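> Just passing along the structure, written as structure tokens.
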Amino acid sequence: MNAQPSGTWVPGVRVTALSIALTAFACAAHAQEAIKLDLQVWNLSVKNLDTGPDPYHYANSGNVFAGVEGDLDALANIAGASFSLQYVFFPFMRGEGQPAQDSWQGKAGSFFAGAPMHNDIDTGYLARFTWNQRLLQDRLELAVGRSNARQHFYMANCENVITCNDPVIDNSTGILPYPYGSWGGYTRYRFDSGYYLHSGVFESNPQHYFKRTKGFDWDPGDASGITWLAGVGAKADFTQDPYAYHYELNGFHNTGEQIDPMDGRLRRGSDGLLFKFRQTLAREGEAAVPERGWQVFGAWSWSADDMQPFSHFAEVGVTRLGPFGRPQDTLNLKASYLRLGARQAAWQEHARLLATGRDERTRRGVSRIELNTHWQVTRNLALEPSVQYIFNPDNFYNPSAPVSGDGAVIALEVMYNLGSALGL
């Protein structure tokens, strides 16, 4: 066989090269469809108008959410499997810090005023790294790995990310604040009727937060305990029911060590109940998502442990869908009530007397009213301003300070979907 001259077309070689190129292109396109990227930038600004031991302060918290979802069925032919990865960066921080009484929270004093501003003391944290599996025609959902219980359970129903906080969840369940992930496992079974049963177990390890591990210290050896949650729910969105709804009741058991605030006595174990709901009452328009409508929402949480700072929490609110002729926006008005535990109130009185010499009674009943809105400015940009007025504020974040007066806190959350804007 004669050798082919240099530069002469060899059909088999050229076709093979073209096939490889086309195959690579198809694989890349297939992988692009199987992998979904998410990149969002949020920034929270809060201003204390006139409440707390040290009013008139301002604080700021920035969050950059970088995530990826991978379809392992498409990528590796593993039926029903996927993975989730999310890391959250904390830029633009001002007013945060530990101990809490020296930062925004201590200056604001009460739980309602201080809780919107989390003390994100590190530069970032791994929020989620999980293997997800769907079985039984997608009715059974499993997730295992590093995550936060708030990513799986219905714990925020207020249509506003700033003040959708629950004192029992934050202080009695052992669940870390979002986006701090820890070892956990979650399962849910959904019935055709819209009802579902679910449960989860999560490591409670605040030491990894204080040690600034960025979420990459996966040793559970210094965990304070674990949190078990189980419950029942019912859910339908507007594509499933014209009067969309979501109800969920959960019980929890936290095995962590509990400390009596009065005498330092230690005990393990804490229990309670958590209930959240949202229900559409009226709607206008024939589209799947109503042009206008009304919803009600509420919450009730209860701690069975008298060592906990709060005994129960209740909230009720109303949402106007599509206010001012803008279907993509919402307007919310809500009222909240919080009851301090008897031992927490007595401990505050003791701490205040030692620090200031003032023998002032701690008021156990705290309440607030709040007005907030979600304004979808553009496809990728949304604003969520809020104002809350607090009555009989507790001194949860600064127990040795004098009793605070009533007052207001205003806030603004700016949310920009950078990934969508970049075409990710």
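The values are calculated or read from the model by the stated rules, or taken from the named source; none is laboratory data. Keep in mind the model is a prediction, meaning the values are calculated, not measured. Heads up, the Cβs are rebuilt from the backbone with ideal geometry, glycines too, and the neighbour counts pull from every protein chain shown.
> From (1) touching a Phe, Trp or Tyr at 6+ places or on another chain (Cβ under 6 Å); (2) within 30 Å of GLN348 (Cα to Cα), pick out the condition that doesn't hold for LEU197.
(2)
> Another question, then. Just name the residue that is surrounded by the most Cβ atoms within 10 Å (Cβ to Cβ) out of those in the range 108-152 that are of a type in the set (Ser, Thr, Tyr) and over 30 Å from ARG368 (Cα atoms).
Keep residues of the range 108-152 that are of a type in the set (Ser, Thr, Tyr), which gives 110, 123, 125, 130, 147.
This time we only want the ones that are over 30 Å from ARG368 (Cα atoms), so: 123, 125, 130, 147.
Working: THR123: 11, TYR125: 25, THR130: 22, SER147: 27.
The selected residue is SER147.
> With respect to the numbered conditions (1) surrounded by fewer than 19 Cβ atoms within 10 Å (Cβ to Cβ); (2) outside any strand (DSSP E or B); (3) of a type in the set (S, T, N, Q), which one is the sole condition not fulfilled by GLN105?
(1)
> Filter the range 252-284 for residues that are under 29 Å from ALA236 (Cβ atoms) and either among the basic types (Lys, Arg) or in contact with a Lys or Arg (Cβ under 8 Å, 6 or more places away or on another chain) (or both) and give the result. Spell out the reasoning first.
Applying the first criterion (under 29 Å from ALA236 (Cβ atoms)) to the range 252-284 yields 252, 272-284.
Correct list: LYS276, ARG278, ARG283, GLU284.
> Still on this structure, please answer the following. Which of (1) under 24 Å from VAL88 (Cβ atoms); (2) assigned to a strand (DSSP E or B) is the odd one out, the single condition ALA230 does not satisfy?
(1)
> Can you find a residue in the range 52-71 that is acidic (Asp, Glu), free of Cβ contacts under 8 Å to residues at least 60 places away in the same chain and closer than 27 Å to ASP138 by Cβ?
Yes, some residue in the range 52-71 is acidic (Asp, Glu), free of Cβ contacts under 8 Å to residues at least 60 places away in the same chain and closer than 27 Å to ASP138 by Cβ.
> Hey, another quick one. From the list MET93, MET155, exactly one residue is more than 22 Å from THR213 (Cβ to Cβ) and crowded, with 17+ Cβ neighbours inside 10 Å. Which is it?
Values: MET93 fails: more than 22 Å from THR213 (Cβ to Cβ).
Every option except MET155 fails the conditions.
> Looking at GLY114, GLY145, GLY124, GLY106, which is the one that is among the small types (Gly, Ala, Ser) and farther than 21 Å from PHE90 by Cβ?
Details: GLY114 fails: farther than 21 Å from PHE90 by Cβ; GLY124 fails: farther than 21 Å from PHE90 by Cβ; GLY106 fails: farther than 21 Å from PHE90 by Cβ.
One residue alone meets the criteria, GLY145.
> If the Cβ limit is 6 Å and pairs must be 6+ apart or interchain, which residue in the range 239-250 that is within 17 Å of LEU281 (Cβ to Cβ) pairs with which residue that is crowded, with 17+ Cβ neighbours inside 10 Å and aromatic (Phe, Trp, Tyr)?
If the second residue must be crowded, with 17+ Cβ neighbours inside 10 Å and aromatic (Phe, Trp, Tyr), the pairs left are TYR247/PHE277.
> Can I ask one more? Select, from THR173, THR163, the only residue that is modelled with pLDDT under 90 and either closer than 20 Å to LEU197 by Cα or surrounded by 24 or more Cβ atoms within 10 Å (Cβ to Cβ) (or both). Before the answer, list the steps.
Details: THR173 fails: modelled with pLDDT under 90.
Criteria check complete, one pass: THR163.
> Then there is this: From the list ASN48, ASN77, pick out the single residue that is under 29 Å from GLY181 (Cβ atoms) and modelled with pLDDT of 90 or more. First the steps, then the outcome.
Values: ASN48 fails: under 29 Å from GLY181 (Cβ atoms).
On inspection, the qualifying residue turns out to be ASN77.
> Assuming MET307 fulfils every condition listed in (1) surrounded by fewer than 20 Cβ atoms within 10 Å (Cβ to Cβ); (2) of a type in the set (A, V, I, L, M); (3) within 30 Å of VAL377 (Cβ to Cβ); (4) in contact with a Lys or Arg (Cβ under 7 Å, 6 or more places away or on another chain) apart from one, which condition is it?
Just one mismatch for MET307, condition (3).
> Sticking with this one: Consider the range 319-373. How many of its residues are without any contact (Cβ under 8 Å) to a residue 40 or more places away in the chain, among the charged types (D, E, K, R) and surrounded by 14 or more Cβ atoms within 10 Å (Cβ to Cβ)?
The qualifying residues number 4.
> Of the residues PHE202, PHE216, PHE252, which single one is part of a loop (DSSP other than H, G, I, E, B), modelled with pLDDT of 90 or more and either surrounded by fewer than 15 Cβ atoms within 10 Å (Cβ to Cβ) or touching a Ser or Thr at 6+ places or on another chain (Cβ under 9 Å) (or both)?
PHE216
> Taking GLY52, is it among the small types (Gly, Ala, Ser), assigned to a loop (DSSP other than H, G, I, E, B) and under 27 Å from SER386 (Cβ atoms)? Reasoning before the result, please.
Working: among the small types (Gly, Ala, Ser): yes; assigned to a loop (DSSP other than H, G, I, E, B): yes; under 27 Å from SER386 (Cβ atoms): yes.
Answer is yes for this residue.
> For the range 284-305, enumerate the residues that are among the hydrophobic types (A, V, I, L, M, F, W, C) and in a strand (DSSP E or B). Let's see the steps before the verdict.
Taking the range 284-305 as the starting set, the residues that turn out to be among the hydrophobic types (A, V, I, L, M, F, W, C) are 287-289, 294, 296-297, 299-300, 302, 304.
If the condition is that a residue be among the hydrophobic types (A, V, I, L, M, F, W, C) and in a strand (DSSP E or B), then TRP294, VAL296, PHE297, ALA299, TRP300, TRP302 are the ones that fit.
> From PRO91, PRO116, which residue is closer than 22 Å to VAL403 by Cα, assigned to a loop (DSSP other than H, G, I, E, B) and out of contact with any Pro (no Cβ under 6 Å at 6 or more places or on another chain)?
Numbers: PRO91 fails: closer than 22 Å to VAL403 by Cα.
Testing whether each residue is closer than 22 Å to VAL403 by Cα, assigned to a loop (DSSP other than H, G, I, E, B) and out of contact with any Pro (no Cβ under 6 Å at 6 or more places or on another chain) leaves just PRO116.
> Still on this structure: Being within 28 Å of ARG150 (Cα to Cα), at pLDDT below 95 and surrounded by 13 or more Cβ atoms within 10 Å (Cβ to Cβ) is the filter here, so list the residues in the range 272-292 that pass it. Before the answer, list the steps.
To start, the set of residues in the range 272-292 that are within 28 Å of ARG150 (Cα to Cα) comprises 272-281, 288-290.
Restricting the remaining residues to those that are at pLDDT below 95 gives 288-290.
Of everything in the range 272-292, those that are within 28 Å of ARG150 (Cα to Cα), at pLDDT below 95 and surrounded by 13 or more Cβ atoms within 10 Å (Cβ to Cβ) turn out to be VAL289, PRO290.
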